Ligand code: TK8
């Protein structure tokens, strides 16, 4: 017994000396940072917690994932710049700011593009979405997976918007994206692009009348404290892209890239699910907080669709007429 013990101890000593076991765990742990604009209550943050769990467990503690919410590391465009520079590992922006790097991405910004989330999933997770993710390394970014921001809804402090005419002259914050600007101009509003983290104070100081984001965001950011009306307009569907700095990705062993990619996809499926589950509660929450919720009739909805039907044509050259044609075909196929 004593001899066996000594033999095992000696063997452990040899392995430790060779650096194969026993090195302090802390020295081997690599910290990966993820930054987002939304807060800790958002389905996006919960998706990232799932991602963190998966990566830390699968890597047996070799990776530690640190999450930074509330635009602590900057807004979407700024964090994308950090990824490109290799100073931040990950972020998960809406697709809209990606159009600033590559105009073809404008195709996802078109008003009333996807009829529902399930069709969006099929197109984004299919060859069309994959082709777009594969366009990102040219810009210093690895597109790991599409997650979901969701259908965007209008909020404002002035009027229950039921028709494009009601939008006339309203100062609406939009993302910094040409298609979004053109859409709101066409609808008669006065669009004002602004980073996400500045919305609340701009609303409370009344430098803008309204803004648009998915209902979960409108609720969790407490816009109801400074907005009286929300219209469930579903005017844009914003995908998220969960992305990694290419510069930092390239320093990872292939196995670790695979591990992270798998976790990004798995956590994405979870994030989409809870995002959809939370939407109804968010609308109820806003109503309870005193907001007037306007649900459009099919005819009222159609008036918005008709008013914006020329937007796609205006941007066909930017996004590529072939991309526009393909996404429409893919949507039609997926909707069957
Ligand atoms: C969060 C953003 C935000 C977006 C916006 O980082 O800017 O309005 O919808 O949710 O991606």
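The values are calculated or read from the model by the stated rules, or taken from the named source; none is laboratory data. Predicted, not measured: the structure shown is a model, and the values here were computed from it. Cβ coordinates were reconstructed from backbone atoms using ideal geometry, including for glycine residues, and neighbour counts include every protein chain displayed.
What the table below lists for this structure:
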{"item": "Helices (runs of 4 or more DSSP H) (entirely within the stretch 86-187) containing at least 1 residues that are in contact (Cβ under 8 Å) with a residue 40 or more places away in the chain and within 30 Å of residue 251 (Cα to Cα)", "result": "117-125, 127-133"}
{"item": "Single unsatisfied condition, residue 102 versus (1) more than 14 Å from the ligand (Cβ to nearest atom); (2) touching a helix residue (DSSP H, G or I) at 6+ places or on another chain (Cβ under 6 Å)", "result": "(2)"}
{"item": "Every residue from the stretch 219-228 that is within 15 Å of the ligand (Cβ to nearest atom) and either surrounded by fewer than 19 Cβ atoms within 10 Å (Cβ to Cβ) or on the phi > 0 side of the Ramachandran plot (or both)", "result": "222"}
{"item": "Residue within the stretch 198-211 that is closer than 16 Å to residue 161 by Cα and near the ligand (Cβ under 10 Å from one of its atoms) present", "result": "yes"}
{"item": "Test set (1) closer than 23 Å to residue 112 by Cα; (2) in contact (Cβ under 8 Å) with a residue 24 or more places away in the chain - residue 190 fails condition number", "result": "(2)"}
{"item": "Unmet criterion (only one of (1) within 26 Å of residue 219 (Cα to Cα); (2) touching a residue at least 12 places away in the same chain (Cβ under 8 Å); (3) touching a strand residue (DSSP E or B) at 6+ places or on another chain (Cβ under 8 Å)) for residue 265", "result": "(1)"}
{"item": "Filter result for the condition that a residue is within 10 Å of the ligand (Cβ to nearest atom) and surrounded by 23 or more Cβ atoms within 10 Å (Cβ to Cβ), over 216, 231", "result": "216"}
{"item": "Top-ranked residue of the stretch 282-292 - restricted to ones that are exposed (fewer than 15 other Cβ atoms within 10 Å of the Cβ) and in contact (Cβ under 8 Å) with a residue 40 or more places away in the chain, ranked as farthest from residue 125 (Cα to Cα)", "result": "290"}
{"item": "Meets criteria (surrounded by fewer than 24 Cβ atoms within 10 Å (Cβ to Cβ) and under 16 Å from the mean Cα position of the chain (by Cα)) for residue 134", "result": "no"}
{"item": "Pairs with Cβ under 9 Å, 6+ apart, first in the stretch 58-81 and over 23 Å from residue 258 (Cα atoms), second away from the ligand (no atom under 16 Å from the Cβ) and at pLDDT 95 or above", "result": "81/87"}
